[in-house]
1. Exactly one of these conditions fails for GLY363: (1) surrounded by 15 or more Cβ atoms within 10 Å (Cβ to Cβ); (2) modelled with pLDDT of 70 or more; (3) not in a loop (DSSP other than H, G, I, E, B). Give me its number.
2. Just to check your reading of the model, which residue among THR237, THR227 is polar (S, T, N, Q) and touching a strand residue (DSSP E or B) at 6+ places or on another chain (Cβ under 8 Å)?
3. What's the number of the condition PRO199 fails, among (1) more than 18 Å from SER336 (Cβ to Cβ); (2) surrounded by fewer than 19 Cβ atoms within 10 Å (Cβ to Cβ); (3) in contact (Cβ under 8 Å) with a residue 40 or more places away in the chain?
4. So which residues in region 101-144 are farther than 17 Å from GLN175 by Cβ, of a type in the set (A, V, I, L, M, F, W, C) and in a helix (DSSP H, G or I)?
5. For region 1-24: of the residues being among the hydrophobic types (A, V, I, L, M, F, W, C) and surrounded by fewer than 12 Cβ atoms within 10 Å (Cβ to Cβ), which is nearest to ALA42 (Cα to Cα)?
6. Report yes if some residue within region 274-296 is over 25 Å from ILE216 (Cα atoms), in contact with a strand residue (DSSP E or B) (Cβ under 6 Å, 6 or more places away or on another chain), loosely packed, with under 15 Cβ neighbours inside 10 Å and modelled with pLDDT under 90; otherwise report no.
7. Checking the condition open to solvent by 90 Å² or more (accessible area, probe 1.4 Å), at pLDDT below 90 and basic (Lys, Arg), which residue from LYS314, LYS304 passes?
8. Is region 366-375 home to any residue that is closer than 25 Å to SER232 by Cβ, open to solvent by less than 90 Å² (accessible area, probe 1.4 Å) and modelled with pLDDT of 75 or more?
Amino acid sequence: MSVAKRKTSAGETKEYHYAFMQSGKRFFGVCEGCKTKAEAEAYEANLKKIAKEASAQKTPLAILENFRRELTGGSEVKLSEAFEIALKKPRRREASSKRIFQKRAIFQDFVAFMAARYPDVQTLSNVLPKHAEEYISLVRTTGRFEKNTVYERGGKTLTFRTPEALSNRTSNMYQAVCREVFNLLARDAGLLGNPFDMPMLESSEEERQAFSEEEIVLIRDHLDQFTRPLFSIAIATALREGDICTLKWTDVDFHENVIRRRMNKTGRFVEIPISGDLRGYLLQQKSGNDSEYVFPEHAAMYQKNPSGISYRIKTFLEKLGIKTTVIPQGRSRAVSVKDLHSCRHTFCYYAGLRGIPLSVVQGILGHMSPEMTKRYNAHATLEAKRRNMQLMADFMGLADASPIEPEREELRKLVDTMPIETIREILKHHRF
(Lines give C-alpha, C1' and ligand atoms only; values in the text may rest on other atoms or scores of the structure.)
Protein backbone atom coordinates (compact mmCIF):
# COMPACT_ATOMS: atom_id res chain seq x y z
CA MET A 1 0.00 0.00 0.00
CA SER A 2 1.35 3.44 -0.88
CA VAL A 3 0.83 6.53 1.23
CA ALA A 4 -2.69 7.88 1.32
CA LYS A 5 -5.19 9.81 3.36
CA ARG A 6 -7.61 7.63 5.25
CA LYS A 7 -11.34 7.79 4.72
CA THR A 8 -13.54 8.23 7.77
CA SER A 9 -17.20 8.92 8.38
CA ALA A 10 -16.30 12.62 8.57
CA GLY A 11 -14.34 12.47 5.29
CA GLU A 12 -10.63 12.14 4.50
CA THR A 13 -8.04 12.71 7.19
CA LYS A 14 -5.71 15.70 6.90
CA GLU A 15 -2.64 13.53 7.50
CA TYR A 16 -1.05 11.06 5.12
CA HIS A 17 -0.58 7.51 6.41
CA TYR A 18 2.05 4.93 5.48
CA ALA A 19 1.87 1.12 5.61
CA PHE A 20 4.45 -1.38 4.35
CA MET A 21 5.95 -4.82 5.05
CA GLN A 22 9.62 -5.48 5.83
CA SER A 23 11.09 -8.88 6.69
CA GLY A 24 7.65 -10.25 7.56
CA LYS A 25 6.74 -7.31 9.81
CA ARG A 26 4.10 -4.70 9.11
CA PHE A 27 4.91 -1.02 9.70
CA PHE A 28 2.22 1.65 9.66
CA GLY A 29 1.56 5.12 11.04
CA VAL A 30 1.20 8.84 10.30
CA CYS A 31 3.63 10.68 8.03
CA GLU A 32 4.57 13.35 10.54
CA GLY A 33 4.79 16.92 9.15
CA CYS A 34 4.00 15.90 5.54
CA LYS A 35 1.72 18.36 3.73
CA THR A 36 1.91 16.86 0.22
CA LYS A 37 1.82 13.32 -1.15
CA ALA A 38 5.38 13.67 -2.41
CA GLU A 39 6.61 14.54 1.07
CA ALA A 40 4.68 11.58 2.49
CA GLU A 41 6.21 9.20 -0.06
CA ALA A 42 9.70 10.44 0.79
CA TYR A 43 8.92 9.99 4.50
CA GLU A 44 7.79 6.40 3.90
CA ALA A 45 10.84 5.64 1.73
CA ASN A 46 13.16 6.79 4.52
CA LEU A 47 11.36 4.57 7.05
CA LYS A 48 11.64 1.61 4.70
CA LYS A 49 15.37 2.20 4.45
CA ILE A 50 15.74 2.34 8.24
CA ALA A 51 13.67 -0.83 8.73
CA LYS A 52 15.67 -2.67 6.05
CA GLU A 53 19.03 -1.68 7.56
CA ALA A 54 17.84 -2.57 11.07
CA SER A 55 16.61 -6.00 9.99
CA ALA A 56 20.02 -6.69 8.46
CA GLN A 57 21.75 -6.27 11.82
CA LYS A 58 22.53 -9.47 13.68
CA THR A 59 22.79 -8.23 17.28
CA PRO A 60 20.58 -6.07 19.57
CA LEU A 61 23.50 -3.65 20.01
CA ALA A 62 23.75 -3.17 16.22
CA ILE A 63 20.00 -2.54 15.98
CA LEU A 64 20.14 -0.02 18.84
CA GLU A 65 23.12 1.73 17.24
CA ASN A 66 21.32 1.92 13.88
CA PHE A 67 18.23 3.54 15.32
CA ARG A 68 20.24 5.76 17.68
CA ARG A 69 21.99 7.47 14.81
CA GLU A 70 18.76 8.03 12.93
CA LEU A 71 16.91 9.34 15.98
CA THR A 72 19.58 11.58 17.48
CA GLY A 73 21.77 12.58 14.58
CA GLY A 74 24.80 11.96 16.78
CA SER A 75 28.24 10.91 15.56
CA GLU A 76 30.99 8.73 16.97
CA VAL A 77 33.04 10.16 19.84
CA LYS A 78 36.08 8.11 20.82
CA LEU A 79 36.58 7.38 24.50
CA SER A 80 40.24 8.36 24.21
CA GLU A 81 39.27 11.83 22.92
CA ALA A 82 36.14 12.41 24.99
CA PHE A 83 37.62 14.38 27.89
CA GLU A 84 39.43 16.92 25.70
CA ILE A 85 36.27 17.45 23.61
CA ALA A 86 34.18 17.87 26.77
CA LEU A 87 36.72 20.37 28.09
CA LYS A 88 35.87 22.73 25.23
CA LYS A 89 32.15 22.72 26.05
CA PRO A 90 30.72 25.89 27.61
CA ARG A 91 29.93 25.58 31.29
CA ARG A 92 28.69 27.77 34.11
CA ARG A 93 32.16 28.50 35.45
CA GLU A 94 35.67 27.60 34.41
CA ALA A 95 37.60 25.11 36.54
CA SER A 96 41.12 25.80 37.75
CA SER A 97 44.06 24.10 36.01
CA LYS A 98 44.57 21.96 39.13
CA ARG A 99 40.95 20.79 39.02
CA ILE A 100 41.15 20.05 35.28
CA PHE A 101 44.31 18.00 35.85
CA GLN A 102 42.52 16.02 38.55
CA LYS A 103 39.43 15.37 36.40
CA ARG A 104 41.52 14.34 33.39
CA ALA A 105 43.40 11.78 35.51
CA ILE A 106 40.10 10.32 36.71
CA PHE A 107 38.55 9.95 33.26
CA GLN A 108 41.78 8.52 31.86
CA ASP A 109 41.55 5.84 34.53
CA PHE A 110 38.09 4.88 33.19
CA VAL A 111 39.46 4.84 29.62
CA ALA A 112 42.28 2.53 30.75
CA PHE A 113 39.72 0.26 32.45
CA MET A 114 37.64 0.00 29.26
CA ALA A 115 40.71 -0.60 27.08
CA ALA A 116 41.78 -3.50 29.32
CA ARG A 117 38.41 -5.08 30.04
CA TYR A 118 36.38 -4.18 26.93
CA PRO A 119 38.82 -3.36 24.10
CA ASP A 120 36.07 -3.54 21.44
CA VAL A 121 34.20 -0.63 23.07
CA GLN A 122 35.99 2.45 21.81
CA THR A 123 33.21 5.06 21.59
CA LEU A 124 30.97 6.77 24.15
CA SER A 125 27.77 5.47 22.58
CA ASN A 126 28.85 1.86 23.08
CA VAL A 127 29.49 2.24 26.81
CA LEU A 128 26.67 0.43 28.58
CA PRO A 129 25.39 0.78 32.15
CA LYS A 130 26.98 -2.59 32.98
CA HIS A 131 30.41 -1.17 32.04
CA ALA A 132 29.91 1.92 34.21
CA GLU A 133 28.58 -0.14 37.13
CA GLU A 134 31.55 -2.52 36.95
CA TYR A 135 34.04 0.36 36.95
CA ILE A 136 32.40 2.27 39.82
CA SER A 137 32.10 -0.95 41.82
CA LEU A 138 35.85 -1.50 41.32
CA VAL A 139 36.64 2.08 42.42
CA ARG A 140 34.53 1.69 45.55
CA THR A 141 36.11 -1.60 46.60
CA THR A 142 39.74 -1.49 45.44
CA GLY A 143 40.36 2.10 44.33
CA ARG A 144 41.64 3.28 40.96
CA PHE A 145 42.04 0.79 38.12
CA GLU A 146 45.57 2.06 37.43
CA LYS A 147 47.29 2.17 40.80
CA ASN A 148 50.32 4.19 39.73
CA THR A 149 49.60 7.82 38.85
CA VAL A 150 52.28 9.78 37.03
CA TYR A 151 52.24 13.57 37.37
CA GLU A 152 54.53 16.56 37.15
CA ARG A 153 55.33 18.93 40.00
CA GLY A 154 58.03 21.56 40.18
CA GLY A 155 59.46 20.46 36.83
CA LYS A 156 59.83 16.85 38.04
CA THR A 157 57.92 13.76 36.94
CA LEU A 158 56.67 11.86 39.98
CA THR A 159 54.85 8.55 40.45
CA PHE A 160 52.24 8.20 43.15
CA ARG A 161 50.65 4.87 44.09
CA THR A 162 47.04 5.41 45.05
CA PRO A 163 45.57 3.69 48.12
CA GLU A 164 43.59 0.49 47.73
CA ALA A 165 40.54 1.94 49.48
CA LEU A 166 39.11 5.35 48.66
CA SER A 167 36.78 7.39 50.81
CA ASN A 168 33.12 7.62 49.85
CA ARG A 169 33.66 11.22 48.87
CA THR A 170 36.54 10.37 46.52
CA SER A 171 34.65 7.43 45.01
CA ASN A 172 31.71 9.73 44.33
CA MET A 173 34.09 12.18 42.64
CA TYR A 174 35.16 9.46 40.16
CA GLN A 175 31.53 8.77 39.33
CA ALA A 176 30.70 12.49 39.05
CA VAL A 177 33.57 13.20 36.63
CA CYS A 178 32.61 10.34 34.31
CA ARG A 179 28.95 11.33 34.45
CA GLU A 180 29.86 14.94 33.64
CA VAL A 181 31.80 13.97 30.51
CA PHE A 182 28.93 11.81 29.25
CA ASN A 183 26.41 14.59 29.95
CA LEU A 184 28.47 17.23 28.14
CA LEU A 185 28.85 15.02 25.06
CA ALA A 186 25.35 13.52 25.05
CA ARG A 187 24.24 15.45 21.96
CA ASP A 188 27.54 15.06 20.09
CA ALA A 189 27.55 11.30 20.58
CA GLY A 190 23.78 10.91 20.26
CA LEU A 191 23.48 9.23 23.64
CA LEU A 192 20.09 7.88 24.68
CA GLY A 193 21.07 7.85 28.35
CA ASN A 194 23.99 8.29 30.76
CA PRO A 195 25.47 4.99 31.97
CA PHE A 196 26.83 6.71 35.10
CA ASP A 197 23.39 7.78 36.32
CA MET A 198 23.35 5.60 39.42
CA PRO A 199 23.05 6.32 43.17
CA MET A 200 26.12 7.73 44.89
CA LEU A 201 27.50 6.67 48.25
CA GLU A 202 26.63 8.57 51.38
CA SER A 203 29.59 10.63 52.57
CA SER A 204 30.57 8.83 55.78
CA GLU A 205 34.14 10.08 56.07
CA GLU A 206 35.33 12.38 58.78
CA GLU A 207 34.75 16.04 57.99
CA ARG A 208 37.20 18.80 58.82
CA GLN A 209 36.53 20.22 62.24
CA ALA A 210 36.50 23.79 63.52
CA PHE A 211 39.15 24.88 66.02
CA SER A 212 37.97 25.31 69.58
CA GLU A 213 38.46 28.62 71.38
CA GLU A 214 41.29 27.05 73.40
CA GLU A 215 43.00 25.87 70.21
CA ILE A 216 42.66 29.30 68.59
CA VAL A 217 44.34 30.92 71.60
CA LEU A 218 47.05 28.24 71.54
CA ILE A 219 47.68 28.84 67.82
CA ARG A 220 47.68 32.61 68.25
CA ASP A 221 50.24 32.50 71.04
CA HIS A 222 52.67 30.32 69.08
CA LEU A 223 52.53 31.71 65.56
CA ASP A 224 55.88 32.13 63.84
CA GLN A 225 56.96 34.08 60.77
CA PHE A 226 55.71 31.39 58.39
CA THR A 227 52.40 30.44 60.02
CA ARG A 228 51.29 33.92 61.14
CA PRO A 229 50.24 35.19 57.67
CA LEU A 230 48.38 31.98 56.89
CA PHE A 231 46.33 31.75 60.09
CA SER A 232 45.85 35.52 60.41
CA ILE A 233 44.26 35.78 56.96
CA ALA A 234 42.43 32.44 57.14
CA ILE A 235 40.64 33.17 60.42
CA ALA A 236 39.73 36.72 59.36
CA THR A 237 38.59 35.99 55.80
CA ALA A 238 37.91 32.23 55.53
CA LEU A 239 40.10 32.12 52.41
CA ARG A 240 41.60 28.77 51.43
CA GLU A 241 45.31 28.01 51.65
CA GLY A 242 45.96 28.50 47.93
CA ASP A 243 44.01 31.77 47.81
CA ILE A 244 46.02 33.17 50.74
CA CYS A 245 49.37 32.15 49.28
CA THR A 246 48.53 33.64 45.87
CA LEU A 247 46.79 36.75 47.19
CA LYS A 248 47.91 39.77 45.15
CA TRP A 249 47.90 43.46 46.02
CA THR A 250 45.51 43.98 43.12
CA ASP A 251 43.02 41.87 45.10
CA VAL A 252 43.22 44.24 48.08
CA ASP A 253 41.27 47.51 47.93
CA PHE A 254 42.36 49.69 50.85
CA HIS A 255 40.09 52.52 49.70
CA GLU A 256 36.91 50.48 50.17
CA ASN A 257 38.50 48.09 52.68
CA VAL A 258 37.61 44.93 50.79
CA ILE A 259 39.36 41.91 49.28
CA ARG A 260 38.07 41.00 45.84
CA ARG A 261 39.29 37.90 44.06
CA ARG A 262 38.27 34.85 42.07
CA MET A 263 38.85 31.73 44.12
CA ASN A 264 41.32 29.19 42.76
CA LYS A 265 39.27 26.09 43.51
CA THR A 266 35.78 27.07 42.40
CA GLY A 267 36.32 30.10 40.18
CA ARG A 268 33.72 32.00 42.21
CA PHE A 269 34.23 35.73 42.73
CA VAL A 270 34.12 36.85 46.37
CA GLU A 271 34.14 40.20 48.16
CA ILE A 272 35.38 40.06 51.74
CA PRO A 273 35.28 43.14 54.00
CA ILE A 274 38.60 44.00 55.68
CA SER A 275 38.37 44.55 59.44
CA GLY A 276 40.38 47.28 61.14
CA ASP A 277 42.94 44.86 62.63
CA LEU A 278 43.33 43.04 59.30
CA ARG A 279 43.81 46.35 57.48
CA GLY A 280 46.66 47.27 59.80
CA TYR A 281 48.30 43.88 59.33
CA LEU A 282 48.08 44.10 55.53
CA LEU A 283 49.52 47.62 55.53
CA GLN A 284 52.47 46.28 57.53
CA GLN A 285 53.03 43.63 54.86
CA LYS A 286 52.88 46.23 52.11
CA SER A 287 55.66 48.31 53.63
CA GLY A 288 58.85 47.56 51.71
CA ASN A 289 57.14 44.82 49.67
CA ASP A 290 57.67 45.39 45.94
CA SER A 291 56.29 41.98 44.93
CA GLU A 292 52.89 41.58 43.25
CA TYR A 293 52.03 39.07 46.00
CA VAL A 294 51.05 40.01 49.53
CA PHE A 295 53.14 37.10 50.87
CA PRO A 296 55.97 36.53 48.34
CA GLU A 297 57.62 33.67 50.25
CA HIS A 298 54.39 31.72 50.50
CA ALA A 299 53.50 32.40 46.86
CA ALA A 300 56.85 31.05 45.67
CA MET A 301 56.58 27.93 47.81
CA TYR A 302 52.95 27.28 46.84
CA GLN A 303 53.74 27.50 43.12
CA LYS A 304 56.73 25.17 43.48
CA ASN A 305 55.56 22.73 46.15
CA PRO A 306 52.05 23.34 47.50
CA SER A 307 52.11 20.18 49.64
CA GLY A 308 55.07 21.68 51.52
CA ILE A 309 52.78 24.41 52.88
CA SER A 310 50.29 21.85 54.17
CA TYR A 311 53.09 19.78 55.72
CA ARG A 312 54.49 22.74 57.66
CA ILE A 313 51.03 23.68 58.95
CA LYS A 314 50.37 20.11 60.06
CA THR A 315 53.75 19.95 61.80
CA PHE A 316 53.04 23.27 63.54
CA LEU A 317 49.65 22.08 64.84
CA GLU A 318 50.97 18.69 65.95
CA LYS A 319 53.72 20.37 68.00
CA LEU A 320 51.00 22.29 69.83
CA GLY A 321 49.28 19.02 70.71
CA ILE A 322 46.41 19.57 68.24
CA LYS A 323 45.48 16.27 66.62
CA THR A 324 45.27 16.80 62.88
CA THR A 325 44.20 13.37 61.58
CA VAL A 326 41.93 10.46 62.46
CA ILE A 327 41.43 7.00 61.00
CA PRO A 328 37.75 6.55 60.04
CA GLN A 329 36.06 3.30 60.96
CA GLY A 330 36.69 0.59 58.38
CA ARG A 331 39.68 2.33 56.83
CA SER A 332 43.44 2.01 57.34
CA ARG A 333 44.39 5.44 55.98
CA ALA A 334 44.20 8.53 58.18
CA VAL A 335 42.30 11.57 56.94
CA SER A 336 42.88 15.20 57.83
CA VAL A 337 40.38 16.76 60.23
CA LYS A 338 42.28 19.86 61.35
CA ASP A 339 44.47 22.02 59.16
CA LEU A 340 44.38 25.53 57.73
CA HIS A 341 41.10 24.70 55.99
CA SER A 342 39.57 24.26 59.44
CA CYS A 343 39.64 28.06 59.72
CA ARG A 344 36.79 28.14 57.18
CA HIS A 345 34.77 25.86 59.43
CA THR A 346 35.76 27.94 62.45
CA PHE A 347 34.59 31.08 60.65
CA CYS A 348 31.30 29.36 59.81
CA TYR A 349 30.91 28.08 63.39
CA TYR A 350 31.27 31.47 65.05
CA ALA A 351 29.22 33.20 62.37
CA GLY A 352 26.37 30.87 63.28
CA LEU A 353 26.80 31.55 67.00
CA ARG A 354 26.79 35.31 66.43
CA GLY A 355 23.71 35.21 64.23
CA ILE A 356 25.38 36.48 61.03
CA PRO A 357 22.92 35.76 58.17
CA LEU A 358 23.65 32.66 56.13
CA SER A 359 23.60 34.65 52.88
CA VAL A 360 26.38 36.91 54.20
CA VAL A 361 28.54 33.94 55.23
CA GLN A 362 28.00 32.22 51.86
CA GLY A 363 28.98 35.44 50.09
CA ILE A 364 32.27 35.51 51.99
CA LEU A 365 33.10 31.82 51.74
CA GLY A 366 32.09 31.67 48.08
CA HIS A 367 30.85 28.12 48.64
CA MET A 368 29.42 26.12 51.51
CA SER A 369 29.19 22.36 51.42
CA PRO A 370 25.91 20.80 52.62
CA GLU A 371 27.76 19.71 55.77
CA MET A 372 29.00 23.23 56.53
CA THR A 373 25.54 24.67 55.87
CA LYS A 374 24.01 22.12 58.25
CA ARG A 375 26.52 22.98 60.97
CA TYR A 376 26.01 26.69 60.47
CA ASN A 377 22.24 26.30 60.82
CA ALA A 378 22.73 24.16 63.93
CA HIS A 379 24.91 26.79 65.61
CA ALA A 380 22.63 29.64 64.54
CA THR A 381 19.64 27.74 65.92
CA LEU A 382 21.47 27.05 69.19
CA GLU A 383 22.19 30.75 69.64
CA ALA A 384 18.54 31.58 68.91
CA LYS A 385 17.53 29.05 71.57
CA ARG A 386 19.84 30.71 74.10
CA ARG A 387 18.40 34.16 73.39
CA ASN A 388 14.83 32.95 73.66
CA MET A 389 15.45 30.89 76.78
CA GLN A 390 16.36 34.16 78.52
CA LEU A 391 12.73 35.17 78.04
CA MET A 392 11.39 32.18 79.96
CA ALA A 393 9.86 32.89 83.35
CA ASP A 394 11.96 32.11 86.43
CA PHE A 395 9.56 29.54 87.91
CA MET A 396 12.05 28.22 90.49
CA GLY A 397 13.19 31.61 91.77
CA LEU A 398 16.77 30.99 90.72
CA ALA A 399 17.28 34.71 90.19
CA ASP A 400 17.01 35.16 93.95
CA ALA A 401 20.09 33.04 94.52
CA SER A 402 23.28 34.78 95.50
CA PRO A 403 24.62 36.53 92.42
CA ILE A 404 28.24 36.19 91.32
CA GLU A 405 30.27 39.12 92.58
CA PRO A 406 31.41 41.46 89.77
CA GLU A 407 35.02 40.92 90.82
CA ARG A 408 34.75 37.15 90.33
CA GLU A 409 33.07 37.61 86.95
CA GLU A 410 35.81 40.01 85.89
CA LEU A 411 38.48 37.55 87.01
CA ARG A 412 36.82 34.73 85.08
CA LYS A 413 36.82 36.79 81.88
CA LEU A 414 40.46 37.67 82.42
CA VAL A 415 41.42 34.01 82.83
CA ASP A 416 39.53 33.06 79.65
CA THR A 417 41.76 35.35 77.58
CA MET A 418 45.01 34.83 79.47
CA PRO A 419 47.80 32.79 77.78
CA ILE A 420 48.14 29.33 79.26
CA GLU A 421 51.79 29.97 80.17
CA THR A 422 50.77 32.93 82.36
CA ILE A 423 48.17 30.81 84.16
CA ARG A 424 50.73 28.07 84.80
CA GLU A 425 53.19 30.63 86.17
CA ILE A 426 50.55 32.03 88.55
CA LEU A 427 49.63 28.54 89.78
CA LYS A 428 53.30 27.74 90.34
CA HIS A 429 53.75 30.57 92.87
CA HIS A 430 50.28 30.78 94.39
CA ARG A 431 48.25 28.05 96.03
CA PHE A 432 44.64 28.87 96.90
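1. So GLY363 meets the others, but not (1).
2. Numbers: THR227 fails: touching a strand residue (DSSP E or B) at 6+ places or on another chain (Cβ under 8 Å).
When all the criteria are applied, what remains is THR237.
3. Just one mismatch for PRO199, condition (3).
4. Matches in region 101-144: PHE101, ALA115, ALA116.
5. Once the filter is applied, the top-ranked residue is MET1.
6. no
7. LYS304
8. Yes, some residue in region 366-375 is closer than 25 Å to SER232 by Cβ, open to solvent by less than 90 Å² (accessible area, probe 1.4 Å) and modelled with pLDDT of 75 or more.
The values are calculated or read from the model by the stated rules, or taken from the named source; none is laboratory data. Here the structure is a predicted model, which means the values were calculated and not measured. Backbone-built Cβ (ideal geometry, glycine too); neighbour counts: all protein chains shown. The accessibility values were calculated without ligands, DNA or RNA, using every heavy atom of the protein model including side chains. Shrake-Rupley method; radii C 1.70, N 1.55, O 1.52, S 1.80 Å.
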